1. Any idea how many residues of segment 158-187 are open to solvent by less than 50 Å² (accessible area, probe 1.4 Å) and within 15 Å of Ile227 (Cβ to Cβ)?
2. Residues in segment 58-78: is at least one of a type outside the set (Phe, Trp, Tyr), surrounded by fewer than 18 Cβ atoms within 10 Å (Cβ to Cβ) and farther than 25 Å from Leu274 by Cβ?
3. Mind listing whichever residues of segment 120-146 are more than 17 Å from Phe61 (Cβ to Cβ) and in contact with a Phe, Trp or Tyr (Cβ under 9 Å, 6 or more places away or on another chain)?
4. Can you confirm whether segment 220-228 contains a residue that is without any contact (Cβ under 8 Å) to a residue 12 or more places away in the chain and among the acidic types (Asp, Glu)?
5. Residue by residue through segment 118-168, note down the ones that are among the β-branched types (Val, Ile, Thr) and at pLDDT 90 or above.
6. So, Ala86, is that one open to solvent by less than 30 Å² (accessible area, probe 1.4 Å), touching a helix residue (DSSP H, G or I) at 6+ places or on another chain (Cβ under 6 Å) and either farther than 30 Å from Lys340 by Cβ or free of Cβ contacts under 8 Å to residues at least 40 places away in the same chain (or both) or not?
7. Could you please find all residues in segment 201-227 being surrounded by fewer than 11 Cβ atoms within 10 Å (Cβ to Cβ) and over 14 Å from Lys169 (Cα atoms)?
8. Please enumerate the residues belonging to segment 328-357 that are surrounded by 13 or more Cβ atoms within 10 Å (Cβ to Cβ) and on the phi > 0 side of the Ramachandran plot.
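The values are calculated or read from the model by the stated rules, or taken from the named source; none is laboratory data. If you're wondering where the values come from, they're calculated on a predicted model, not measured in any experiment. Positions of Cβ are backbone-derived with ideal geometry, glycine not excepted, and every protein chain shown enters the neighbour counts. Note: accessible area is taken over every heavy atom of the protein model, side chains too, but ligands, DNA and RNA are not part of it. Shrake-Rupley method; radii C 1.70, N 1.55, O 1.52, S 1.80 Å.
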Amino acid sequence: MSDPSQLSRRYTTMVVATISLIVLTCAAFLIPVPYVTEKPGPVFNTLGRFPPTDDSSPKMFTFGKDVKTYPTSGTLDFTTVSVTPADGKVSLVGALRAYFDSDVSVVPKALVYPDDETKEESSAQSAAQLDSSKDNSRVAALRAAGYTVTGRPVVAGVVKGGAAEGSLKSGDIVTDVDGAKVSEPDQVVAAVGKRKPGEDVRLTVERKGAPRDVTITTKADPKDKSIPRIGISIGTKFTYPIKIDNNVGRQIGGPSAGTMFALAIYDKLTPGELTGGRKIAGTGTIDADGLVGSIGGIRQKMAGAARDGVDIFLVPAANCAEATDGDDDGLTLVKITKLKDAISSLEALAKDPKATVPACS
């Protein structure tokens with residue numbers, strides 16, 4: 001016959017082991033995993049105010065007093081994705097829960113925040129992308145509306161430790177390279193590329209309205225020793241014929257609202273209404289020539305638009321396959337490759353909601 005004290009000890013041991021297993025299992029589910037989640041974020045009407053919850057806030061787009069604008073109705077929403085921040089953590093249970101939610105995407109953190117990017121670095125990059133998106137959308141919209149917009153190559157940034165550090169500054173307008181006039185960023189790159197690493201290159205720049213000559217000794221590209229570098233990023237400084245302010249603040253980041261920004265500007269500057277009074281949303285990067293580029297999180301943006309009661313959703317052509325890989329959320333998916341595609345499709349749908357326009361299929 002078993003000793004009652006031994007049975008008691010065995011029972012106690014089993015209980016302790018079971019509790020330990022439960023604790024360890026729970027702890028395992030709470031351990032952070034190297035993934036982030038992407039969820040539907042809020043939508044913002046580019047024809048409305050920003051932020052939209054404050055009636056005293058300015059319109060998202062405001063124009064100079066001498067600029068003629070036209071009334072609009074409906075909405076032209078840009079859509080967003082809520083992403084786990086760079087310093088945020090996703091637990092195993094959180095990742096599993098998100099995996100089974102059709103509106104949420106779970107992706108490796110390294111794809112979103114490469115090289116252990118910090119929250120500050122991510123925010124700075126996102127803000128820079130937003131600023132570029134604002135500039136490109138202004139240019140594309142103005143050109144589509146018949147305005148002339150000119151641009152000159154500008155130093156967008158100087159690499160720390162690079163050849164140009166101490167000689168050039170962000171905002172310098174590049175007018176000549178080795179005595180030859182330049183008017184496009186590509187011309188600056190090509191002119192510098194004619195030198196060999198270690199050779200001098202002479203740039204004439206305009207800083208605060210005054211010209212100055214700068215001689216820089218090129219350095220070899222770290223990855224390809226045959227390529228000369230002067231350690232700057234080059235962009236375009238545009239001159240706008242009219243005043244347009246984009247009042248979207250730092251609460252939003254990234255380049256994917258560009259197409260919707262451009263549509264809002266165009267709609268305000270031209271007679272008639274692109275929306276036909278309907279709720280329209282979309283996404284897509286845009287360049288100064290009006291070319292629409294692909295974005296991430298298309299399914300999450302569609303879900304966010306559907307929740308907001310949107311009828312028509314503009315999809316970059318490169319995102320159509322992903323957009324149609326699942327439920328369309330009741331949205332009419334219009335395919336766009338250029339700003340003029342979006343304009344012509346919306347104009348057709350405003351006249352006839354059953355009009356045939358390019359679609360994702």
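1. Number of matching residues: 2.
2. no
3. Passing the criteria: Glu121, Ser122.
4. yes
5. Matches in segment 118-168: Val139, Thr148, Val149, Thr150, Val154, Val155, Val158, Val159.
6. Criteria met by Ala86.
7. Across segment 201-227, the qualifying residues are Pro222, Lys223, Asp224, Lys225, Ser226.
8. Result: Asp329, single match.
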